[in-house]
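Everything below concerns the one structure shown next.
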Amino acid sequence: MLELLGLSGLSERLYQAVLADPARSVAELARDTGMTDRQIRSALDELADLALIRPSSQVDGALWPVSPVVGLSALLAAAEDEAAARQRKIEATRAAIAALAAQYEEHRHGRADAMVRLTGLESVRSRLEELAAHAVTECLSLNPGGADRPDARAASAQLNEQALRRGVGIKAICRDSFRNDPDTLAHARWLTDLGGEMRTVPIVPIPLVIVDRRVAIVPVDPADPREGALELDSPGPLAVACALFDRLWSAATPFGSSVPVDGQGLTSAERTLLELVAAGHTDEAAGRKLGVSARTVKRQMADLMARLDADSRFQAGVRAAHRGWL
């Protein structure tokens, strides 16, 4: 209980024993406390160093306990002074960090176009960690590739959890095709258990992260993450990014809910596949956009052709348009 004041458990026990009966010898203290002679002598040295015992003024060689009101109060005052000094150092360190952060942000945003190039994956990851650590209201993201793999997800899990516990809303959108991906499902359960939200749409156009609707991170080249990203905080591009996310979010299906079908009996993914094929995309290109294999595209198109009673994709397109599927 008194470790904060520098007393070990044995020293505290011996101090209480000496206070109860100061006249006891070392042998008597050993008998009454269960401590060995060596432990008692070591504890007496510790109590003397802490000024909790002092030489007796009446018996030569004897030691007398200092009143707790005097001795322990003095130790507590010293501990309080030390804590206050440490707090002052912490506040000074916090101020130094804030000053460095301000200089860093000033350097980053010193250009008139309010656009910062983040070169390489490490730079992007580092900046996203900074933004997540200082998020106040919400973090929004579009994830064409589904959830991160377990090792990458573990690196950001602590920051995400801290943000959620601070009351920061986290909303993530990924592709419908990842509803059957084990890693994405695990991530969705983890996120929703902590209070976050995840929804899906047939196609996620680009990777995007928006923090507090004041800064957005978009890829330099959506096809090659190694090219890095752009950080945007000017009103125009930011408004476009937020509008894109809001539009997709309103049309997306929450994880845990079955994918809805429309009045024609189509899911949004099936309708999107028809639109892609009608626009001339190959099975491979359509699969890349939807996050499925070319084989899956062929199978899904075969099912749609059977429902349309069509012998060819061209005929399927005509009949789909006639039925209002396109």
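Between residue 115 and residue 240, how many nm apart are label points set 7 Å from Cα along the C-beta direction?
Each label point lies 7 Å from its Cα, and together they span 0.9 nm.
Taking other Cβ within 10 Å of each residue's Cβ, how do 281, 187 sort, fewest first? Don't skip to the end; give the middle numbers.
Details: 281 17, 187 26.
Ascending Cβ contact count within 10 Å gives the list 281, 187.
What is the magnitude of the charge dipole of segment 1-108 about its Cα centre, with +1 placed on the Cβ of each Lys and Arg, -1 on the Cβ of each Asp and Glu, and no other charges, expressed in debye to the nearest 20?
Numbers: 11 positive and 16 negative charges, 27 e Å.
With only Lys, Arg, Asp and Glu charged at Cβ, the dipole is about 120 debye.
Rounded to the nearest 5, what % of the DSSP beta bridges within the chain are antiparallel ones?
65
Can you give the relative contact order of the chain as a percent, counting alpha carbon pairs under 8 Å and 6+ residues apart?
For the chain, the relative contact order is 12 percent.
With axes computed from alpha carbons, what is the tilt in degrees of helix 150-165 against the longest principal axis of the chain, rounded to the nearest 10 within 0 to 90?
Roughly 70 degrees, rounded to the nearest 10.
So if each residue of separation counts as 0.36 nm, and I subtract the Cα-Cα distance between residue 165 and residue 257, what length gain in nm does that give? Present the calculation step by step, with values, prior to reporting the outcome.
Numbers: separation 92, 0.36 × 92 = 33.12 nm, distance 2.49 nm.
Full extension of this stretch gives 30.6 nm more.
Under the rule of at least 5 residues apart or a separate chain, name every residue whose amide H is placed under 5 Å from the amide H of residue 208.
142
Got the relative contact order for segment 116-254 handy, in percent, Cα pairs under 8 Å and 6 or more residues apart?
For segment 116-254, the relative contact order is 30 percent.
To the nearest 20 debye, what charge dipole does the chain have about its Cα centre, counting +1 at the Cβ of each Lys and Arg and -1 at the Cβ of each Asp and Glu?
1220
Projected onto the charge dipole of the chain (+1 at Lys/Arg Cβ, -1 at Asp/Glu Cβ, origin at the Cα centre), which of 277, 97, 25 gives the Cα projection farthest towards the positive end?
The residue sitting farthest along the positive end of the dipole is 277.
Taking the 0 to 90 degree range and rounding to the nearest ten, how far is the long axis of helix 235-251 tilted relative to the main principal axis of the chain, both from C-alpha atoms?
The answer is roughly 80 degrees.
So what J values fall out for segment 119-125 if you push phi through Karplus, 6.51 cos²θ - 1.76 cosθ + 1.60 with θ = phi - 60°, rounded to Hz, Gly and Pro as x?
Karplus-based 3J(HN,Hα) across segment 119-125 equals 8, x, 5, 5, 5, 5, 4 Hz.
Between 168, 218, 66, where does the largest GNM mean-square fluctuation fall for the chain, given springs only between Cα atoms within less than 10 Å?
Comparing 168, 218, 66 in the GNM, the peak value goes to 66.
Residue by residue through segment 66-75, what is 3J(HN,Hα) from phi via Karplus (6.51 cos²θ - 1.76 cosθ + 1.60, θ = phi - 60°)? Round to whole Hz and write x for glycine and proline.
After applying 6.51 cos²θ - 1.76 cosθ + 1.60, I find 7, 4, x, 4, 8, x, 5, 5, 5, 5 Hz.
What distance in nm lies between label points placed 7 Å from Cα along the C-beta direction at residue 36 and residue 212?
6.0
Sort 198, 1, 35, 115 so that the residue with the fewest other Cβ atoms within 10 Å of its own Cβ comes first and the one with the most comes last.
Ordered from fewest to most neighbouring Cβ atoms within 10 Å, 198, 1, 35, 115 come out as 1, 115, 35, 198.
Which angle from 0 to 90°, rounded to the nearest 10, does the C-alpha axis of helix 182-193 make with the longest principal axis of the chain?
Relative to the chain, helix 182-193 is tipped by roughly 60 degrees.
So if we plug the beta-carbon distance of residue 185 and residue 21 into 1/(1 + (r/R0)^6) with R0 = 56 Å, what FRET efficiency do we get, rounded to 0.05?
With a Förster radius of 56 Å, E is 0.25.
Name the long-range amide H neighbours of residue 220: under 5 Å, sequence gap of 5 or more, or other chain; modelled H, no Pro or chain starts.
Distant-sequence amide H within range of residue 220: 228, 229, 230.
Quick one: compute the contact order of segment 237-326, relative version, from alpha carbon pairs under 8 angstrom and 6+ residues apart, as a percent.
Numbers: 49 pairs, mean separation 16.7, N = 90.
Answer for segment 237-326 is 19 percent.
Can you list the HN-Hα couplings for segment 207-214, worked out from phi with the Karplus curve (6.51, -1.76, 1.60; θ = phi - 60°), rounded to whole Hz and with x for Gly and Pro?
Values per residue, Gly and Pro as x: x, 7, 10, 10, 10, 6, 6, 10 Hz.
Magnitude of the Cβ-charge dipole of segment 165-283, K/R +1 and D/E -1, about the Cα centre, nearest 20 debye? Spell out each step's value before the answer.
On the way: 12 positive and 16 negative charges, 100 e Å.
That gives segment 165-283 a dipole magnitude of about 480 debye.
Mind giving me the nanometre distance, one decimal, between the label points for residue 221 and residue 158, set 7 Å out from Cα along Cα→Cβ?
Roughly 3.4 nm, to one decimal.
Most mobile of 84, 23, 229 per a Gaussian network model of the chain (Cα springs, under 10 Å)?
Judging by the Gaussian network model, the answer is 23.
Over the Cα atoms of the chain, what radius of gyration and what Dmax do you get, in Å?
Cα-based Rg and Dmax for the chain come out at 34.0, 115 Å.
Taking the Cβ of residue 52 as the center, what net charge do the other residues with Cβ under 12 Å away carry, scoring Lys and Arg +1 and Asp and Glu -1?
Residues near residue 52 contribute -3 overall.
What's the exposure ranking of 295, 179, going from fewest to most Cβ atoms within 10 Å? Can you show the working numbers first?
On the way: 295 10, 179 18.
Exposure proxy ranking, most exposed first: 295, 179.
We did not get these values from a lab; they are worked out from the coordinates using the rules stated. The structure presented is a predicted model; accordingly, all values stated were derived computationally and were not measured. A quick note on method: Cβ atoms are made from the backbone with ideal geometry, for glycine too, and the neighbour counts reach across all protein chains shown.
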